[in-house]
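Taking it in order: structure first as structure tokens, then the write-up.
Every number here is computed from the coordinates shown, using simple stated rules; none is lab data. Owing to the predicted nature of the structure, the values given are computational and were not obtained by experimental measurement. Quick reminder, even Gly has a Cβ in these numbers, built from the backbone with ideal geometry, and neighbours come from all protein chains shown.
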Amino acid sequence: MNHYYDSPPDDAKEPTNGVQRTVSFATRNEYILPSKAPEDEGFDHHLVAAKQPGLVRGASLTSRQTASSTSMYSQSSPIRPSPIDEEPHDPYDDKYGGHHADASDAPLVSNAAEMGGRSSKYQDLEYADPYDASRAKPVSEKANPLTKLLTPGDYGKYPLEQRIQDKKRGIGRQRYPFVVWTLTLVMCGVFIYELVSNSHAQGTPVSFKPVVNYMLGPASAVLINVGARFPPCMKLVEAIPPTMQMACMNATSNPPSPDTLCTVEEVCGFGGFHDGNPNQWFRFIVPIFLHAGFIHLLLNMLAQLTITAQIEREMGSGGFVITYFAAGIFGNVLGGNFTLVGVPSVGASGAIFGTVAVTWVDLFAHWKLQYRPVRKLIFMTIELLIGVAIGYIPYVDNFAHLGGFLMGLLVGTVFYPVISTSKRHHTITWGFRLVAIPLAIILFVVLIRNFYTSDPYAACSGCRYLSCFPTDANDHCQGTGLTNSTSN
């Protein structure tokens, strides 16, 4: 404890321009201010000095500062007030926009209010937040039960201005895209399994015989066997019945030799059809995790770890999972209806295109908040056209891209967090949401029913050209598209 004296010894006195400084004998190398506070109107400083001798008016000590570590004067420098530590704003904290007061600071504030005798009329501005955040909540977040159910934390409870700034900085509902990371690891693991399967069948991880898979991956028969979308494995296709022979997984010659021919049921695998009609409905889902080769995998994972990951950060994992798989499954449903029935299809492109569609929802919903929105729309349109062009590559289905994009628009409209700054904007947003929900359900029901009960080619004979570039190799997109070789 420091002891203070009105008349310190001679060795403790140091004249400086006629000013006498007082020295603490406990520290010997620090100078401190006199304990007596000057007079001031409206405040009983005698009472303050009597209760707390070490309290200095005008100095605020937090729990991070102590009297022994902070000196207001030094021997070689003028008055230098010590900096006050400020905790930086963390947009991912549960207390958005709030001040993070330390519990140990509460008694200091309370005591100061009591000594002033006006505890009911004054607030400490360092800790109290006079801003009513509830009045600044976006109107679209106040009564949205889906937002409360599918989003982590207390997103939407901090001021509207802060949400807008975070939006412009790319800060969303969560910090890390855990679902995207998990999906990426799973897809890479599944691709390794594809390579191992092709190696067991043909002796090499990548198919080079009878033709090269330009995606640098397994043969088409291997892709079918591990779960590619292939309508003859999912329903009875009269042109490709279960007993029809096609190239086995180990076929390396063109045309295949008799000992490398298998039935469609054998190539489909998964236990066969049990003497019934093909019914492997899970091929609407499994292809999302499969890829045709190294090039296909790298392109999709690059898009998934950038665009798709950012969408998960902005939406939250709950709404993102629903949007991702709804887009991926619907893309396979649409492709199963209108592409050539004898061509297998794999890839997460439909799901990724669904997340790309969410960026369009964001653009139009926050048009006034975007930087150069027209320019951004032009670039996004070019990117979409490039993605559609990639859909003409073998094993890649353009209908999966288009279907995923359409479903991403509908489901993304429902789950994407929209910042509404007016009642009119709020009403329009919910109008789109109320239309999107039944429309998405109707599309799923109608197209799944159409896949199993009717001939899609009869309804739209020209639709096949959206995913098939007519050449001599594919008979100008006529027939089934199935050949007896491993080439597609």
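Summary of packing: across the peptides 419-430, 221-232, the per-residue average of other C-beta atoms within 10 Å ranks them, highest first, as 221-232, 419-430. Listed from fewest to most Cβ neighbours within 10 Å, the set Ser317, Ser467, Ser345 follows the order Ser317, Ser467, Ser345.
Using a/c under 1.5 as the rounded threshold, could you call the stretch 248-329 rounded, prolate or oblate? The axes a ≥ b ≥ c are square roots of the C-alpha gyration tensor eigenvalues, and prolate needs a/b larger than b/c, oblate otherwise.
On the way: a/c = 5.83, a/b = 1.86, b/c = 3.13.
Oblate.
When both the stretch 427-449 and the stretch 167-195 are represented by their alpha-carbon centers, they are found 27 Å apart.
Using Stokes-Einstein with the Kirkwood hydrodynamic radius over Cα pairs, what translational diffusion coefficient do you get for the stretch 329-403 at 4 °C and a viscosity of 1.567 mPa s, in µm²/s rounded to a whole number? Walk me through the numbers before you get to the answer.
Values: Rh = 13.3 Å.
Using the Kirkwood radius from Cα pairs, D works out to 97 µm²/s.
Kirkwood radius and radius of gyration were both taken over the C-alpha atoms of the stretch 355-488, and their ratio Rg/Rh is 1.07. Between Trp181 and His274, the simple label model (points 7 Å from Cα in the Cβ direction) yields a spacing of 4.1 nm.
Label positions at Ile441 and Trp367, each projected 7 Å from the Cα along the C-beta direction, are separated by 3.0 nm.
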